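Enquirer: Below you will find the structure I want to go over with you.
The values are calculated or read from the model by the stated rules, or taken from the named source; none is laboratory data. Just so it is clear, the structure is predicted and the values come from calculations on it, not from any experiment. Every residue, glycine as well, gets a Cβ built from its backbone with ideal geometry; the counts of neighbours run over all protein chains shown. What goes into the accessible areas is simple: the full protein's heavy atoms, side chains included, and nothing from ligands, DNA or RNA. Shrake-Rupley method; radii C 1.70, N 1.55, O 1.52, S 1.80 Å.
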Amino acid sequence: MSTQLIIQKSIAYMEQHLEEQLTLADIASHAGFSPYHFHRLFRKEVGMNIADYLRKRRLCYAAQLLLHSEAAIIDISFHCHFESQESFTRAFKKLYGMPPGRYRKIFAAHAHHSIFEQGDDSMQQQQSQSALKGWFLSGSHPQDYEIGIDRTTVHQGSTSGYLKAVTPMDMGAFATMMQQFKAGKFVGKRMRFSGFVKTENVKEYCGLWMRVDSHSEDVLQFDNMNDRRIVGSTNWNHYAIVLDVPEDSATISIGVLLMGAGQVWVDSFRFEEVDRSVPTTNLEVQYEMLEEPANLSFEE
């Protein structure tokens with residue numbers, strides 16, 4: 001089993017038992033590793049240790065309870081496995097910049113009266129797309145999809161991004177929430193684009209994608225997770241793409257792809273250099289070059 005699959009298996013286990021008492025030993029045992037080795041593996045792949053991951057996920061869950069329930073703060077703190085309301089308040093304030101009581105007072109009304117629920121469809125789509133600084137919508141049928149910010153379905157923090165189909169469409173139609181930037185400062189490096197993804201009713205497939213283009217606009221490196229598709233309805237999990245950035249690289253594109261109907265949420269993206277021991281996920285397109293033309297009369 002690859003490192004990525006091991007991490008995904010462990011995250012799925014943590015998501016299923018987020019409201020229960022979990023220890024590093026429990027999670028490592030589920031993944032089939034010693035606590036020491038798994039701790040190092042998880043930190044290298046995800047960028048944080050197990051304790052920090054669980055704390056952030058539980059604080060995110062607590063934030064949702066603050067906005068969408070009337071539970072007392074002390075009850076939420078114990079439910080999310082904090083030793084006291086004081087320790088919960090300290091951790092919450094460190095992550096969200098304010099104590100939980102103030103967070104509930106400021107954002108609870110906003111959560112129930114989203115700006116995306118107002119106006120006609122075109123206005124909703126315009127507001128939704130303009131809210132995502134740095135990202136834009138593209139693909140074969142961008143008019144049939146919508147991107148925006150979600151304050152209810154979140155992995156860490158207060159918001160996530162989403163891409164969803166809004167109209168019925170033909171087989172093979174797709175859209176992407178993406179961005180492009182210059183490759184200059186990354187040339188000669190091996191880069192990993194990773195993040196957390198959650199899906200609902202994805203009919204064909206979705207996945208992260210990354211492409212490295214040359215100055216002549218040739219594709220030098222590419223991966224769209226076509227060989228490890230995300231389909232159906234899935235809980236939050238971690239996915240990654242690793243590509244080299246060759247010397248002739250000019251631009252890098254990254255994003256999330258949705259083909260067909262469904263919705264995908266994304267959160268906590270990272271774009272970082274990794275060492276050469278991390279294998280690339282580049283999709284090689286190989287074919288045999290013929291010596292001469294063949295089947296010019298289109299015979300079976």
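Enquirer: Give G119, G134, G195 a once-over and let me know the one that is in a strand (DSSP E or B) and either at pLDDT below 95 or not acidic (D, E) (or both).
Expert: Matching residue, one of G119, G134, G195: G195.
Enquirer: Still on this structure, I have one more. What is the one condition in (1) closer than 18 Å to Q8 by Cα; (2) open to solvent by less than 60 Å² (accessible area, probe 1.4 Å); (3) polar (S, T, N, Q) that S158 does not satisfy?
Expert: Among (1) closer than 18 Å to Q8 by Cα; (2) open to solvent by less than 60 Å² (accessible area, probe 1.4 Å); (3) polar (S, T, N, Q), the lone unmet condition for S158 is (1).
Enquirer: Next question. If we scan segment 46-59, do we find a residue that is among the polar types (S, T, N, Q) and more than 25 Å from E272 (Cα to Cα)?
Expert: Taking every residue of segment 46-59 in turn, none turns out to be among the polar types (S, T, N, Q) and more than 25 Å from E272 (Cα to Cα).
Enquirer: Next question, about the same structure. Only residues that are open to solvent by less than 10 Å² (accessible area, probe 1.4 Å) and in a loop (DSSP other than H, G, I, E, B): list them for segment 61-81, please.
Expert: C80
Enquirer: Condition test on E217, is it of a type in the set (D, E) and assigned to a strand (DSSP E or B)?
Expert: No, not satisfied.
Enquirer: Just give me the residues in segment 1-48 being under 25 Å from R228 (Cα atoms) and β-branched (V, I, T), in sequence order.
Expert: Result: T3, I6, I7, I11, I27, V46.
Enquirer: Separate question: When you go through R58, R40 one by one, which is the residue that is farther than 16 Å from S268 by Cβ, open to solvent by 20 Å² or more (accessible area, probe 1.4 Å) and either in a helix (DSSP H, G or I) or modelled with pLDDT under 90 (or both)?
Expert: Result of the check over R58, R40: R40.
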